[in-house]
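All remarks here apply to the structure that follows.
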């Protein structure tokens with residue numbers, strides 16, 4: 001079996017690696033229907049986050065269960081399943097509180113840019129669909145595994161509700177799906193901050209009512225204008241830089257909600273600024289597992305089509321081109337077919 | 001009339017100053033029944049926060065209305081009223097959202113360590129009691145004006161609810177009243193972090209179920225032990241230093257709530273630590289006005305007695321001794337009688 005391996009900055013190789021098999025009684029082995037590249041894969045790809053050696057890449061996955069360990073009883077071979085980037089037992093107190101990505105026994109899933117994947121803690125991690133879905137739904141289920149779950153968490157953690165005004169900071173796949181999520185949650189006004197025409201178009205299709213192309217202080221000023229000087233109720237921040245975080249806090253109304261779902265890189269919050277901004281803050285690694293059943297239903301019933309964020313589809317062996325296209329922002333997100 | 005004036009570090013003088021009168025149609029002039037020293041007054045007193053010149057001190061107040069401006073119709077001379085440190089119109093969008101301390105027209109109230117005070121935006125700021133209260137209730141109404149309102153906000157912003165586990169960081173008057181607030185809100189377990197015997201006693205009287213005397217990592221370890229390795233649902237942080245904030249975040253469970261109500265001094269939050277802590281954060285200058293009607297009811301009906309935080313009462317002319325006693329932690333909080 002071949003897997004995408006990162007050797008160093010911009011050095012992705014698709015090379016032979018042992019096909020995963022059951023190593024723990026709680027494992028499952030899944031034959032992936034599709035796989036994909038995450039925005040967060042670009043941090044190590046760009047060398048901003050170091051890798052210590054050849055690293056198997058990929059953590060977004062869905063597919064057909066091939067085999068399960070002897071402790072796995074509810075997930076069965078032949079089922080179509082969706083998991084997420086942190087395997088979780090779904091029974092510990094953190095899981096019970098809805099924070100499965102902080103499971104006391106969590107394990108990072110890696111090596112999903114391949115045709116077969118071992119998933120630890122399979123029973124807590126995987127959710128099966130009612131049937132094996134048609135091909136046309138597969139990209140949306142693949143999105144649910146990470147970006148859709150993360151966009152949903154971004155909107156949820158920013159307290160989006162019926163009638164609220166939302167500003168989404170970031171027009172990557174997660175930001176675009178935070179727009180879609182806010183629409184599903186009944187937001188009245190959804191302002192997407194985006195400078196890229198193709199992303200603006202998708203944002204509108206997903207439910208954005210306004211687009212703000214300006215950034216930084218000019219962007220904040222424009223949001224204030226659109227919200228009559230008050231600021232937004234909810235601001236999902238879907239980037240993870242100091243600039244985007246500052247912008248998000250400045251765009252929120254007093255008492256408003258700012259969420260953050262991208263791993264922060266060199267972000268520093270000054271206590272005093274936060275204090276007088278009077279906002280609520282919440283975020284962290286998205287507990288995608290919490291939302292899987294709901295999101296699977298929404299996809300299955302055709303209510304959402306998050307797979308539209310994949311504007312590039314390639315055979316898996318061209319994974320390196322997928323990274324290049326996303327790095328150069330030629331593609332929002334690349335789907336890979338094993 | 002004489003007022004407490006701060007000239008520089010540890011230089012409080014009680015000196016003649018013009019008696020305040022109505023200057024705006026929206027003003028009221030209040031004859032103060034009592035006044036007091038706030039923990040936040042100690043920052044400039046200690047020179048940690050600079051003063052640019054002789055500054056009239058004090059922002060906690062209750063008393064009898066003497067006179068109102070011509071635009072004030074609902075607040076009337078002779079009424080006993082309670083206000084808070086930010087005057088607010090109580091009608092702007094921020095006020096309507098419950099963040100009166102971020103009122104678009106807010107004014108900081110100052111000079112309340114005196115016998116008479118001018119209160120701007122009186123109609124939005126002041127709340128009158130049903131009758132002029134008995135003397136024994138006055139210290140509790142005085143507490144409601146700031147520390148009780150701030151302790152309540154600390155518990156509210158930390159999402160304290162029926163059955164939750166709470167850790168209160170800080171054993172000053174605000175921390176102690178956050179304990180009392182958490183008890184009122186139905187918390188099941190309230191862990192107060194305190195090293196001072198007299199404060200531990202008051203914490204227990206207000207409803208603390210456990211006391212943790214350790215600080216820093218030892219304190220966090222003790223809280224983890226008491227919460228079976230999970231952390232607390234709610235952590236009101238009532239100090240405002242880097243150490244206390246870090247401790248609060250470390251004591252919260254994943255998905256838990258940390259609030260902060262003391263003006264932060266050189267507090268810096270690292271994005272990545274916050275991200276993986278998975279907590280909710282909320283705080284800022286307490287919107288005491290939001291809680292005044294409820295807290296006045298609780299005091300009037302005898303359900304809470306927050307005036308107990310005043311463990312020192314002095315004639316107003318001894319205000320400098322009040323500052324010294326609080327600075328040296330000989331007193332939790334000083335009540336001053338004009």
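Odds and ends about this structure:
- Residue order, fewest to most beta carbons within 10 Å, for A:55, A:165: A:55, A:165
- Distance from the alpha carbon centroid of segment A:50-79 to that of segment A:194-254 works out to 37 angstrom.
- Cα Rg, Dmax, segment A:225-266, angstrom units: 10.5, 32
- For the residues B:262, B:151, B:302, a GNM of chain B with alpha-carbon springs under 10 Å puts the largest fluctuation on B:302.
- Listing B:146, B:136 from fewest to most neighbouring C-beta atoms within 10 Å gives B:136, B:146.
- When both bridge partners sit in the protein assembly as shown, DSSP labels roughly 55% of those beta bridges antiparallel.
- Taking the label point 7 Å along Cα→Cβ, residue B:315 and its counterparts in the other copies are spaced 9.7 nm apart, in ascending order.
- Sorted shortest first, the separations between the residue A:11 label point and its copies elsewhere in the assembly read 6.5 nm; each point sits 7 Å from Cα along the Cα-to-Cβ line.
- Taking 0.36 nm per residue of sequence separation and removing the Cα-Cα distance, the residue B:313/residue B:42 pair yields an extension gain of 95.8 nm.
- Exposure proxy shown here: for A:280, A:105, the number of other Cβ atoms within 10 Å sets the order, fewest to most, as A:105, A:280.
- At R0 = 51 Å, FRET efficiency that the Cβ-Cβ distance of residue B:162 and residue A:328 yields, to 0.05: 0.45
- Degrees separating the helix A:242-251 axis from the principal Cα axis of chain A, which is the longest one: 50
- At 1.306 mPa s and 10 °C, Stokes D of segment A:148-283 from Kirkwood alpha-carbon radius, µm² per second: 114
- Relative contact order for segment B:148-283, counting Cα pairs under 8 Å that sit 6 or more residues apart, in percent: 26
- Per-residue [θ]222 nm for chain A (sum of -39500 (n - 2.57) over DSSP H runs n ≥ 4, rounded to 500): -8000 deg cm²/dmol
- Shielding by partners - mean other protein chain Cβ count within 10 Å, residues of A:243-255: 2
- Using the Cβ-Cβ distance between residue B:215 and residue A:50 with R0 set to 41 Å, the FRET efficiency works out to roughly 0.70.
- Hull shadow area, averaged, chain B [alpha-carbon convex hull, nm²]: 16.0
- A full extension of the chain between residue A:243 and residue A:70 corresponds to an added length of 57.4 nm, given 0.36 nm per residue minus the alpha carbon distance.
- Copy-to-copy label separations for residue B:197, where each label sits 7 Å from Cα toward Cβ, in nm and ascending: 7.8
- Per-residue mean of C-beta atoms belonging to partner chains within 10 Å, peptide B:98-109: 2
- Degrees between helix B:216-226 axis and first principal axis of chain B (Cα, 0 to 90, nearest 10): 70
- Over the protein assembly as shown, all Cα pairs binned in 10 Å intervals from 0 give whole-percent P(r) values of 3, 15, 23, 22, 16, 11, 7, 3, 0, listed from short to long.
Only the coordinates and a few stated rules stand behind these numbers; no lab work does. Because the structure is a prediction, the values reported are computed rather than measured. Cβ sites come from the backbone with ideal geometry, for glycine too, and all protein chains shown count toward neighbours.
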